[in-house]
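One structure is given here, and the rest of the page talks about it.
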Amino acid sequence: FGQKGWPKRSCPTGVFLLDLKKNELKLKPAFFSKESCYLPPLRYPALCALNGKTESEKCQYVIHGGKTPNNELSDKIYVLDMVCKTSKKITFSCTEKELVGDVPEARYGHTINIVHSRGKSMSVIFGGRSYIPLGQRTTEKWNSVVDCMPHVFLVDFEFGCCTSYILPELQDGLSFHVSIARNDTIYILGGHSLENNIRPPNLYRLKIDLPLGSPAVSCTILPGGISVSSALVTQTGDKEFVIVGGYQCDNQKRLVCNTVTLEDNNIKIIERETPDWTPDIKHCKIWFGSDMSNGSILLGIPGDNRQLISDANYFYILRCGGEKEDEEEAAQICSQTSTEDPGDSTPFEDSEEFCFSAEANRFDDDDIDTYNEDDEEDESETGYWITCSANCDIDINTWVPFYSTELTKPAMIYCSSGDGHWVHAQCMDLSEGMLIHLSEANVKYFCNEHVDLARGLQTPKKVLPVKKQPMKPLHRKTSMKIATPLKKSFLR
């Protein structure tokens, strides 16, 4: 979730289905029902699973905030669930949830968790970063971000109500922290303070009581925290979790793993044996990933790192032993079908994180149409940074995303005139709705310079029928043959 999906991939939402078979990773764009609202490709959103009360009820996923492709922050909250599953196609439904009350401001790098108390459930939003308020912006700091106020937000999805709480124990806003929820308690670990540029070893315990009246929220500062940001968490047992990865400073990854045990409102954090990291994981500056449940984490490194190490891989599976499994960790290579040239682009080359559902289920059919980067055209031929028309002003050094479906490259559309050529949708003054419509419909498109020619081809002028002249009699000795008269269909 949250990956770029435009213009080549038929996945404008950036939501992909992931399939792992025999250590091979395949991607397939997700389909959405017609009733779904538009879900933009969001980066650094808060995401959590909203499980049903019974096993028969389907699992939903809650998405809040994040950065849009236009580098704007979202304050919207979406509920994503699967509505149909067949051997060839999986369809999702996305609904935008309207909130009233103390609605949290637009942010990214925060967390959202589900707590359960007295038979009721609520979502808890905390932390993150947001832009400086409009009244405080200057020319030099127009797009500067600050840590959000350390408020705790309770969200009731049944009634759409949101309430904020100010707790004296929470003095500083935190971003990219770790949150672990169990029953009515949430533990907040680490995080990064933008104002002080530090990663303090924070450890807070939030307890949420949901009686018949107003909820009660309390916070306790606990000792024994760890200094980390952007770490990943996977659950290996009913009360056991493992913290993997993250950063201990801006330029240094945290290669240490920790075991977290929760019991009787207490938390215990101990360092565990370090996995046998591969050289490319050790030397890369950026890594990202997500929990795959069952004690497994999918780790990824940017595509540019492969240029430095010829035998490097893009993805790895880290398996952390649970209560009934071997405690020894192992990093397993997970390859992705790609071109032989290590300089070619990869689906995640411009990403620093991604999220997906709690379970990475395999597809039911082995012949399902999966995404393969080899099917894409070479960017040097399609020409993102060409001068597409006389009025084209797209420059690689000054271009910024214009459509919500763009991320790092301008959206293009193919003109069918002559041998065909690519033009920028922005230079053609296409609205976003029309651009999405043209990408979904099987129709030919003609750019502004060739649209008149296309109209002439589609609506040809009427041709008057040829007036037949009476034929003169021929001399008997003439051997000239009489031409066959043209049919009317050829004259139209």
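Going residue by residue through region 243-255, is there one that turns out to be closer than 17 Å to S175 by Cα and hydroxyl-bearing (S, T, Y)? Yes, some residue in region 243-255 is closer than 17 Å to S175 by Cα and hydroxyl-bearing (S, T, Y).
Note on region 161-177: among residues that are in a strand (DSSP E or B) and without any contact (Cβ under 8 Å) to a residue 60 or more places away in the chain, the one that is least open to solvent (accessible area, probe 1.4 Å) is Y165. Just one residue in the set I180, I90, I112 is closer than 22 Å to N71 by Cα, open to solvent by less than 40 Å² (accessible area, probe 1.4 Å) and in contact (Cβ under 8 Å) with a residue 60 or more places away in the chain; that residue is I112.
When restricted to residues that are surrounded by 15 or more Cβ atoms within 10 Å (Cβ to Cβ), of a type outside the set (D, E) and either in a loop (DSSP other than H, G, I, E, B) or modelled with pLDDT of 50 or more (or both), region 365-384 contains 4.
Go through the residues of region 83-105 one by one and say whether even a single one is touching a Leu at 6+ places or on another chain (Cβ under 6 Å) and closer than 21 Å to I188 by Cα. Within region 83-105 (the criterion being touching a Leu at 6+ places or on another chain (Cβ under 6 Å) and closer than 21 Å to I188 by Cα), the answer is no, since none of the residues qualifies.
So for region 116-127 (the condition being touching a Leu at 6+ places or on another chain (Cβ under 9 Å), modelled with pLDDT of 95 or more and among the aromatic types (F, W, Y)), does at least one residue qualify? Yes, there is a match, as at least one residue in region 116-127 is touching a Leu at 6+ places or on another chain (Cβ under 9 Å), modelled with pLDDT of 95 or more and among the aromatic types (F, W, Y). Considering only residues in region 262-278 that are open to solvent by 80 Å² or more (accessible area, probe 1.4 Å) and of a type outside the set (D, E), the one that is modelled with the lowest pLDDT turns out to be N266.
Of all the numbered requirements in (1) modelled with pLDDT of 90 or more; (2) surrounded by fewer than 17 Cβ atoms within 10 Å (Cβ to Cβ), S144 misses one, and that requirement is (1).
Of D156, D147, all but one fail to be within 23 Å of the chain's Cα centre (by Cα) and either among the acidic types (D, E) or outside the structural domain of C48 (by the TED database) (or both); the exception is D147.
Can you confirm whether region 184-206 contains a residue that is of a type in the set (D, E) and assigned to a loop (DSSP other than H, G, I, E, B)? Looking through region 184-206, at least one residue is of a type in the set (D, E) and assigned to a loop (DSSP other than H, G, I, E, B). In the set (1) buried (at least 16 other Cβ atoms within 10 Å of the Cβ); (2) at pLDDT below 85, the condition left unmet by H424 is number (2).
The values are calculated or read from the model by the stated rules, or taken from the named source; none is laboratory data. All values reported here derive from a predicted model rather than from experimental measurement. A quick note on method: Cβ atoms are made from the backbone with ideal geometry, for glycine too, and the neighbour counts reach across all protein chains shown. Please note that ligands, DNA and RNA were not included when accessible areas were found on the heavy atoms of the full protein model with its side chains. Shrake-Rupley method; radii C 1.70, N 1.55, O 1.52, S 1.80 Å.
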